[in-house]
Ligand SMILES: Nc1nc2c(ncn2[C@@H]2O[C@H](COP(=O)(O)OP(=O)(O)OP(=O)(O)O)[C@@H](O)[C@H]2O)c(=O)[nH]1
Ligand SMILES: [Mg+2]
């Protein structure tokens, strides 16, 4: 692990459908890495600061290092279309706790199409869980296909929901043209190690300038019931 440098923190986005375990994954990363890295967290919820409260209550980090953005709109709006509130929250954290190594930004739970703007995060992971069904990786979308890392989460539940994790992981790799996939359970130490190894490798690439932020691509144009048409 290289020594921390004055370059700004690696900004890492965590996106994925509602309830797949994004906040828990951030908690797991904070527990595993806060001894070696200076970390901050920004959560996004539509109406509340529930996720920030949960993480503060879990005691994974100094509560001051966990900030909440209330999006008041579709989660994808605040992580992609107008990133102002999130960018300010990240920059405030970086200024208040300088120098940070890692800022984790959790998207509000959305659908399969929401991804972060590369203007907000340097890298992003997309979180699915086995409880969403083994076929979900085949449904595609920009996050599944092109996020920097795909996480298939809650593998400990696989026997209970009749899902073949190995098959889901393999189909994930196929859908991603070889981009990495981690099968994760917070109760499986080796899987947590695989996740933290990926974060360390990505941070090292960010510091050396070898990592280029990628845009997984926009969500499909869609309309809302009030007639608003979104072309992202
Ligand atoms: N069995 C099991 N449950 C998990 C795991 N990770 C998270 N959960 C549970 O899944 C539920 C949802 O977890 P969260 O971390 O709140 O999910 P989220 O994606 O942040 O949810 P939203 O922010 O509401 O979209 C909680 O009940 C967690 O305890 C895991 O590895 N295994
Ligand atoms: Mg959450």
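The values are calculated or read from the model by the stated rules, or taken from the named source; none is laboratory data. For clarity, every value in this text was computed on a predicted model and none was experimentally measured. All Cβ positions, glycine included, derive from the backbone under ideal geometry; neighbour counts span all protein chains shown.
Quick one: how many residues across region 173-207 are surrounded by 19 or more Cβ atoms within 10 Å (Cβ to Cβ), without any contact (Cβ under 8 Å) to a residue 40 or more places away in the chain and either over 15 Å from the mean Cα position of the chain (by Cα) or over 20 Å from residue 18 (Cα atoms) (or both)?
Residues that pass the stated criteria total 3.
Identify, from the list 9, 52, 68, the residue that is under 30 Å from residue 130 (Cα atoms) and in contact with a helix residue (DSSP H, G or I) (Cβ under 8 Å, 6 or more places away or on another chain).
68
Somewhere in region 121-137, is a residue touching a strand residue (DSSP E or B) at 6+ places or on another chain (Cβ under 6 Å), closer than 24 Å to residue 179 by Cα and assigned to a loop (DSSP other than H, G, I, E, B)?
Yes.
When you scan region 57-67, how many residues do you find that are within 13 Å of ligand 2 (Cβ to nearest atom) and touching a strand residue (DSSP E or B) at 6+ places or on another chain (Cβ under 7 Å)?
Of the residues in that region, 1 qualify.
So which residues in region 148-162 are outside any helix (DSSP H, G or I), surrounded by fewer than 24 Cβ atoms within 10 Å (Cβ to Cβ) and either touching a helix residue (DSSP H, G or I) at 6+ places or on another chain (Cβ under 9 Å) or on the phi < 0 side of the Ramachandran plot (or both)?
Hits for region 148-162 are 148, 149.
I'd like to check something: does region 92-115 contain any residue that is at pLDDT below 95, away from ligand 1 (no atom under 14 Å from the Cβ) and either touching a strand residue (DSSP E or B) at 6+ places or on another chain (Cβ under 8 Å) or more than 17 Å from residue 16 (Cα to Cα) (or both)?
The answer is yes; a qualifying residue exists.
Is at least one residue of region 104-114 under 17 Å from the mean Cα position of the chain (by Cα) and free of Cβ contacts under 8 Å to residues at least 60 places away in the same chain?
no
Scan region 21-32 and report the pairs whose first residue is more than 12 Å from residue 126 (Cα to Cα) and whose second residue is part of a helix (DSSP H, G or I) and within 8 Å of ligand 1 (Cβ to nearest atom), with Cβ atoms within less than 7 Å and a gap of 6+ or a chain change.
Listed pairs, sorted by first residue: 23/51; 23/54.
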